[in-house]
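Encoded as structure tokens, the structure appears first; notes follow it.
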2 protein chains.
Amino acid sequence: MNQVQPKQIETILDQLKYDSNGRVTVVVQDAANNEVLMVAHANREAIRQTVETGETHFWSRSRQKMWRKGETSGHVQRVREIRIDCDADVVLVKVEQVGGACHKGYRSCFFRQLRNGGWVLIAEKIFDPDKVY
Amino acid sequence: MNQVQPKQIETILDQLKYDSNGRVTVVVQDAANNEVLMVAHANREAIRQTVETGETHFWSRSRQKMWRKGETSGHVQRVREIRIDCDADVVLVKVEQVGGACHKGYRSCFFRQLRNGGWVLIAEKIFDPDKVY
């Protein structure tokens, strides 16, 4: 990630299109293999922290607060690249994922696939959520 | 994609968690290289059509109607794989993309990247939107 000057960060954040609740959608992708790890939400402050610290921050809709990914589990996401979509309301972050992105113990939150007429588990747990959270 | 029986499709759709407006978020990924092509929204009927026809369908929030990707442009998305996330409120669809996913003429909607303190164009147009839409 490039360093961003203080005067640049406001312009960067201004160019995003926040919804009526002040949020954008964030897609997190594994920089190593482009696997989609998770989809979450962020407000302006979470995007600012993500850019400035180089670790992903999100807005928790259930807890109504900002959180740093990995703050409890240690499974941080180091930012390698940030993109925005044509409407500027979705942010794509490519990361180096430490441990697993999913709070259920999987590397990726997308561990179920439509197969044989139902949703089928296609991944193995890489950690025990009870020991991490 | 596997064939889905009529009695299976309702169960498949029941297991998604729709928001208060009846929608899920859909991430579309290029099956060839895992590039994220676009992020859109779908209601139950759009997911049903996506599963049953093997081509992506979405819900347009601006037009308040379902649409089939490529219905105007011919740039359809042939479904190769469908996954859901741990919360079952995000659907990941891997597709074979015909033409470009982005209505602005790019292969992917994520054609801008944070570089040198600003959002920088990193892709080239592959079609002229004025000739396609």
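The values are calculated or read from the model by the stated rules, or taken from the named source; none is laboratory data. These numbers were taken from a predicted model, which means no experiment stands behind them. Positions of Cβ are backbone-derived with ideal geometry, glycine not excepted, and every protein chain shown enters the neighbour counts.
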- Task: Name the strands (runs of 3 or more DSSP E) wholly inside the stretch B:1-75 in which the number of residues that are within 12 Å of another protein chain (Cβ to nearest Cβ) and either of a type outside the set (A, V, I, L, M) or in contact (Cβ under 8 Å) with a residue 60 or more places away in the chain (or both) is 1 or more.
- Result: B:23-30, B:36-43
- Message: With the requirement that a residue be surrounded by fewer than 15 Cβ atoms within 10 Å (Cβ to Cβ) and among the hydrophobic types (A, V, I, L, M, F, W, C), what does the stretch B:14-41 give you?
- Response: B:Ala32
- Here the residues within the stretch A:110-133 that are in contact (Cβ under 8 Å) with a residue 24 or more places away in the chain and closer than 18 Å to B:Val27 by Cα are A:Phe110
- Looking at the stretch B:85-127, which of its residues are more than 13 Å from the chain's Cα centre (by Cα) and under 29 Å from B:Asp14 (Cβ atoms)? B:Asp85, B:Cys86, B:Asp87, B:Ala88, B:Asp89
- Checked the stretch B:80-122 for anything touching a Ser or Thr at 6+ places or on another chain (Cβ under 9 Å), within 10 Å of chain A (Cβ to nearest Cβ), closer than 19 Å to B:Asn34 by Cβ and part of a loop (DSSP other than H, G, I, E, B); matches are B:Asp85, B:Ala101, B:Cys102
- Flag if A:Ala42 is at pLDDT 95 or above, under 19 Å from B:Gly117 (Cα atoms) and of a type in the set (Gly, Ala, Ser): no
- Subset of the stretch A:81-122 [surrounded by fewer than 18 Cβ atoms within 10 Å (Cβ to Cβ) and aliphatic (A, V, I, L, M)]: A:Ala88, A:Val98, A:Val120, A:Leu121, A:Ile122
- Being under 30 Å from A:Glu10 (Cα atoms) and surrounded by fewer than 22 Cβ atoms within 10 Å (Cβ to Cβ) narrows B:Arg61, B:Arg44, B:Arg78 down to just B:Arg61
- If we ask which residues in the stretch A:123-133 are farther than 25 Å from A:Thr53 by Cα and in a loop (DSSP other than H, G, I, E, B), their number turns out to be 6
